[in-house]
Every structure is written in structure tokens, then in C-alpha cells.
Amino acid sequence: AGHEGEVHLLVPPAWKKVAIPYLGNSLEPINDPEAKNLRMEFLRQELIALDRPIPILVFYPERYSETVNPDTYRLAISGPVQRIRGIPHLNLPLYLKNVSRLFVEVIKDQLTLTVIAAPRKEKELLDWTLHVINPKALEDAYVKRFSGAREGTLPKQEEQHIRRRFNTYLRAMELYQAENQPLDLRISLQGANIQVQAPIMEQQTQPAAPPAATKE
């Protein structure tokens, strides 16, 4: 069973055995009540397009707040950062990896990128993190969407398994800008601004070098 790009299979009883060294490595059935719920899970490794900009915000840690705060450093609206309906967004073609298409459909409207502000002496390049807002509500929505494709009510154990899968995706998701290229952002304090630069964007906008002159 599963959705597009996912396959989930129960482990056959014949495979639910472990080797016992002091018994000559003989195979014995797994003695655990949860063994009946063991599964094999396969996820297609692909980049899934987000097809929308991601809201971007700044977190100002309390320990730096005397010198680094919204009054002293603000997010610059330039380069890949654009204001859309009054909200700063990272406006680049972006993809998620290590997750399923259903997961992306559920969380994409609640996805945000947070820049962690810090003084220059602490961080020449600022860190950033990707997370979702209100993950518990999204987990419930994921279970509902998943069970909507089936008839009847999900067994409790199946529901718990789906919730664990959602949280696994939540921890594993990564932003990519192209195949084999995780998102690369260079974020730093410049003047009174927090400046976001995307090297891939700069490479795409640079004019092509003129052909080298040839000697006749």
C-alpha cells in the first residue's frame, strides 16, 4: 500500500527472525508483540517542486538582542528576497527531497525559512533553518488525507504508523535548488541589513563571456 512514489509492505513472517550467537547463530522468531507490525518502506528518490515562493523571516536570539535586533538589522528586500503581499519571500525555483508528494501537498502552505541573526564576530555567514508552522495540525491533516484514499476507519496501529512516517519526513526534508545541489544561501550582515544572496541566481544572471579572440 502507499501513495504515489511510496510503497509500504508488511514484512513476511519468514523474515521476522534474528540470529542467536550462543545458539550457533540459529534463526529464532522475533519475540516482540510489535513484530507483527514490522514494515518495509520504499520512497522514490526525487526532487519535488514547491511551485511557490517560501516566506522568509528573521529570528533574533535574546543573547544578541542588545546589538542585533529588528531596529538595528532588518531583512533586505533584494536579490532572491522579494516582498509579496507585504510578506518577504524567498523567490527561487525550489524543491524538497527525502519526502513524499502527499507530504509536500500537506505542508507546502505552512513552510517557512528562518534566518538566525547573530553579530558578525560570532557568524560571518548566518545560519538558516527550514521548518513548518503548526506541525501537529499538519500531522492530523496528513493522516486524514492518507486515510481518505481508503474505505472505512484506519486501525489505531496503522494511524500511529502514518503519524510516525509524517514526523520522519518532517525531520528528513531538505531544500534543493537543482539535482544534486542543496540550496546554497549566503546570508550576512551588511550595513544595517541582513542580506540574502543565492550564488546560483547570480550565476544565471551573469552575461556569457565573449568568445576568446583568435589570431589570424
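What follows is calculated from the coordinates using simple rules that are stated; it is not laboratory data. Quantities reported herein were computed from a predicted structural model and do not represent experimental measurements. Using ideal geometry, Cβ is built from the backbone for each residue, glycine included, and neighbour counts are taken over all protein chains shown.
For K121 and N98, FRET efficiency with R0 = 35 Å and r from the beta-carbon atoms, rounded to 0.05? Mind showing how you got there, number by number?
Details: r = 35 Å, r/R0 = 0.99.
Computed FRET efficiency for N98 and K121 comes out at 0.50.
What length, rounded to one decimal in nm, is gained on full extension from F59 through to D184, with 0.36 nm per residue of separation minus their alpha-carbon distance?
43.1 nm
Relative contact order (percent) for segment 46-201, with alpha-carbon contacts under 8 angstrom and 6 or more residues of separation?
Relative contact order for segment 46-201 comes out at 30 percent.
What FRET efficiency comes out for H131 versus E66 if R0 is 41 angstrom and r is the Cβ-Cβ distance? Round to the nearest 0.05.
E between H131 and E66, to the nearest 0.05, is 0.95.
If you filter segment 101-144 for GluC sites (Glu not before Pro), then keep DSSP loop positions with at most 16 other Cβ within 10 Å, what is left?
Qualifying residues, ordered by number: E122, E124.
Compute the label zone of N193 within segment 88-120: residues whose backbone N is under 16 Å from the point 7 Å along Cα-to-Cβ.
Correct set: 88-91.
Which value in nm describes the separation of the simple spin-label points at T112 and A19, placed 7 Å from the Cα toward the beta carbon?
With each label placed 7 Å out from Cα toward Cβ, I get 5.0 nm.
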